[in-house]
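To start, the structure itself, in structure tokens.
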Amino acid sequence: MLQIGIIGTGWFSRVHADLLAQAADVRLSAVCGTSKEKADRLASAYRDAKGYGSLTEMLESERLDAVYVCVPPMAHGDLERELIARRIPFLVEKPIALDMQLPIELEKAIREQALITSVGYHFRYLPSVQRLKAELEGRTLAMASGEWSGSMPQVSWWRRQDGSGGQFIEQTTHVVDLLRYAAGEVEEVYAAYAGRVVHKQYEGVSVPDVGSVTLKLASGAVAGIINTCALPSGVGRSGLTLYTDQGMLAWTPKNLEIVTSEGREQAADEEANPYAAESEAFLHAVRTGDSSRIRSDYADALRTQQVTCAALESAASGLPVKLERL
Ligand SMILES: NC(=O)c1ccc[n+]([C@@H]2O[C@H](COP(=O)([O-])OP(=O)(O)OC[C@H]3O[C@@H](n4cnc5c(N)ncnc54)[C@H](O)[C@@H]3O)[C@@H](O)[C@H]2O)c1
């Protein structure tokens, strides 16, 4: 029986906790929140789980095999440092930080300990994404276009630049990661973040609500990714389309459409639950030491973070940013 802890008591902690509660030979033993009350509230929904208001107390009171870290971008740092120091494997939600300095430090420490990690880039676990990757192998990519569009999230930390890092780092990172996973590394980034179009409708907004980023890939292909959080609630879309010498591969989180001169094929994801697959891959690694099923570990996620942080830097300077090899 694996003993698991969760840090964070918000929406996504609950998603992971529900999956852990259904997993075989796994016990959600402990929840850590910013207060014991909040942690107790989440823990009380799961048999055997105890709430803690401090990570040190949780780790000293429980013998945990792994921890899920589900906190906002600005809260990363000391939590991971403590897990690494105690050699506890962890699954951390994306994005891994607000900047590059912290995750570079953490990645080095993780590598030195050979610690098992997983990062919540769940698209990688979809059958349609595996198909996208396989289809691209026999083709030459010319161009890619990606998008993440929706409304302003309700949580206050998300609207603050120093809380979330902005939409490209916080949400559109999923599309950047998918582009890297399917089509290879990014070499150069040029970004224009415009608008504060809807910020007056909400309190405490310091993030831009429109952005457009151009990327050059190592393969020679170019990509454009746009994002906005200016849409009304319930309206939005996200996806990635790859334009190749043999046609288009148009991916959305529910479907892959393969368009060639012979016609169109749909590869729908139907019942796939990428979060469950991601969690299973991590738990398998913790149980057996075999990390081969993990599709995004901390070192890989660091390269996605490098692209999104470069976009922020480019938007601020107005100049393209060439990525150094990590
Ligand atoms: N992979 C995905 O599809 C996906 C989906 C949703 C959220 N997420 C990510 O999960 C993370 C959390 O998002 P959420 O929607 O649960 O946010 P949320 O605001 O609902 O919850 C965040 C929780 O973290 C807690 N927290 C903050 N600092 C903490 C600390 N130092 N110690 C313990 N707890 C702390 C807060 O009290 C809160 O309970 C974000 O990075 C988000 O991007 C990923």
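Every read-out reported here was derived from the displayed coordinates using simple, explicitly stated rules and does not represent laboratory data. Keep in mind the model is a prediction, meaning the values are calculated, not measured. Glycine also receives a Cβ, built like all others from the backbone with ideal geometry; neighbour counts cover every protein chain displayed.
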Taking ARG87, is it assigned to a loop (DSSP other than H, G, I, E, B), closer than 28 Å to PRO274 by Cα and either within 9 Å of the ligand (Cβ to nearest atom) or over 15 Å from the mean Cα position of the chain (by Cα) (or both)? yes
Does ARG159 satisfy the criteria of being in contact with a strand residue (DSSP E or B) (Cβ under 8 Å, 6 or more places away or on another chain) and surrounded by fewer than 24 Cβ atoms within 10 Å (Cβ to Cβ)? no
Just to be sure before I move on: is CYS32 within 8 Å of the ligand (Cβ to nearest atom) and more than 26 Å from PHE168 (Cβ to Cβ) in the structure I sent? yes
So is ALA114 under 18 Å from ILE225 (Cα atoms), away from the ligand (no atom under 15 Å from the Cβ) and surrounded by fewer than 19 Cβ atoms within 10 Å (Cβ to Cβ) or not? no
All positions within segment 244-295 that are within 28 Å of ARG87 (Cβ to Cβ), of a type in the set (S, T, N, Q), in contact with a helix residue (DSSP H, G or I) (Cβ under 9 Å, 6 or more places away or on another chain) and surrounded by fewer than 19 Cβ atoms within 10 Å (Cβ to Cβ): SER291, SER292
Scanning segment 228-243 for residues that are part of a loop (DSSP other than H, G, I, E, B) and of a type outside the set (Val, Ile, Thr), which turns out surrounded by the fewest Cβ atoms within 10 Å (Cβ to Cβ)? GLY234
Mind counting the residues in segment 7-29 that are in a strand (DSSP E or B) and near the ligand (Cβ under 9 Å from one of its atoms)? 1
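The rows are residues; the columns are (1) within 15 Å of the ligand (Cβ to nearest atom); (2) in contact (Cβ under 8 Å) with a residue 12 or more places away in the chain; (3) surrounded by fewer than 21 Cβ atoms within 10 Å (Cβ to Cβ).
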residue	(1), (2), (3)
LYS36	yes, yes, yes
TYR46	no, yes, yes
THR56	yes, yes, yes
SER61	no, yes, yes
VAL69	yes, yes, no
GLY77	yes, yes, yes
LEU91	yes, yes, no
ALA97	yes, yes, no
